[in-house]
Amino acid sequence: HLNEISAAGIYFWRDQSRDRPHNLFTGKAGIQQAFDDLKLDASLGSTAWATGPELPRSERQNDHGAALIRTPDEGYCVGYQYLQATNVYQRWLGGTLQRAKDGSALWAKAVVVQVVNGRVVDREGRLNLDTNSGGTAWLLLNGQVIAGRWERVEGRTVFAEGQGASVVFPGGPVW
């Protein structure tokens, strides 16, 4: 896998007008360069998560559904406000609605809170997060909060609801 901390950092760039760590980006050219340099097999493809139709509006939760995610870092508090009419979650950070450069609100059709263990690895506060051992997950779908689990299967993270059924996401962006 590629990460900015390792030598693979040459495939990423930082936007200095944004606060760390939310200023790290890559793009198609950077990923393609990594595949070329590291002689990775681009034909492997990937398996998408299962998607299904959205719930009818009458079956979705009301607009008051929201999730607030707090971390030990007091400066970082992210929230997602559910909007029933469009079945999306708008992203809030530090009490401010997050917007794209064009001014439009950032949103996702589903949000996954994947609980992982981690440790600080240097004086800069960079983290080594365990994304392989599996654990608890909270899934925000159709205005509902679903308790679940995550695990790594054949190199891919998969999510299951509390009873073990695979999660079916609505089509669209997932955070």
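Please find, within the stretch 121-149, the residue that is nearest to Ser58 (Cα to Cα) out of those that are under 13 Å from the mean Cα position of the chain (by Cα) and not in a loop (DSSP other than H, G, I, E, B).
My answer is Leu140.
Which of the residues belonging to the stretch 85-108 are more than 15 Å from the chain's Cα centre (by Cα) and part of a strand (DSSP E or B)?
Thr96, Leu97, Arg99, Ala105
Being of a type outside the set (D, E, K, R) and at pLDDT below 85 is the requirement here; does Gln61 meet it?
For Gln61, the condition - of a type outside the set (D, E, K, R) and at pLDDT below 85 - is met.
Report yes if Val111 is within 24 Å of His22 (Cβ to Cβ), in contact (Cβ under 8 Å) with a residue 12 or more places away in the chain, in contact with a strand residue (DSSP E or B) (Cβ under 7 Å, 6 or more places away or on another chain) and not in a loop (DSSP other than H, G, I, E, B), otherwise no.
It is true that Val111 is within 24 Å of His22 (Cβ to Cβ), in contact (Cβ under 8 Å) with a residue 12 or more places away in the chain, in contact with a strand residue (DSSP E or B) (Cβ under 7 Å, 6 or more places away or on another chain) and not in a loop (DSSP other than H, G, I, E, B).
Look through Gly94, Gly155, Gly134, Gly164 and report the one residue that is of a type outside the set (Asp, Glu), out of contact with any Leu (no Cβ under 9 Å at 6 or more places or on another chain) and under 29 Å from Ser17 (Cα atoms).
Answer to the selection: Gly94.
So which residues in the stretch 154-165 are at pLDDT 90 or above and open to solvent by 60 Å² or more (accessible area, probe 1.4 Å), if there are any at all?
Residue satisfying the conditions is Glu161 alone.
Yes/no matrix, rows are residues, columns are (1) at pLDDT 85 or above; (2) in contact with a Cys (Cβ under 6 Å, 6 or more places away or on another chain); (3) closer than 25 Å to Glu124 by Cα; (4) loosely packed, with under 12 Cβ neighbours inside 10 Å:
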{"position": "Phe12", "(1), (2), (3), (4)": "yes, no, yes, no"}
{"position": "Asn23", "(1), (2), (3), (4)": "no, no, yes, no"}
{"position": "Lys28", "(1), (2), (3), (4)": "yes, no, no, yes"}
{"position": "Gln32", "(1), (2), (3), (4)": "yes, no, no, no"}
{"position": "Ser43", "(1), (2), (3), (4)": "no, no, no, yes"}
{"position": "Trp49", "(1), (2), (3), (4)": "yes, no, no, no"}
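Yes or no, residue by residue, for (1) touching a residue at least 60 places away in the same chain (Cβ under 8 Å); (2) in contact with a Phe, Trp or Tyr (Cβ under 9 Å, 6 or more places away or on another chain); (3) open to solvent by less than 70 Å² (accessible area, probe 1.4 Å):
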{"site": "Thr86", "(1), (2), (3)": "no, yes, no"}
{"site": "Gly103", "(1), (2), (3)": "no, no, yes"}
{"site": "Arg119", "(1), (2), (3)": "no, no, no"}
{"site": "Gly134", "(1), (2), (3)": "no, yes, yes"}
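Hey, could you check the stretch 122-132 for residues that are open to solvent by less than 70 Å² (accessible area, probe 1.4 Å) and at pLDDT 90 or above and say which is farthest from Val88 (Cα to Cα)?
Restricting to residues being open to solvent by less than 70 Å² (accessible area, probe 1.4 Å) and at pLDDT 90 or above, the top hit is Asp130.
The values are calculated or read from the model by the stated rules, or taken from the named source; none is laboratory data. What you see is a predicted model, and the numbers here were worked out from it, not measured in a lab. Because the Cβ atoms are built from the backbone with ideal geometry, glycine has one as well, and the counts that use them run over all protein chains shown. These accessible areas exclude ligands, DNA and RNA; they are computed on the full protein's heavy atoms, side chains included. Shrake-Rupley method; radii C 1.70, N 1.55, O 1.52, S 1.80 Å.
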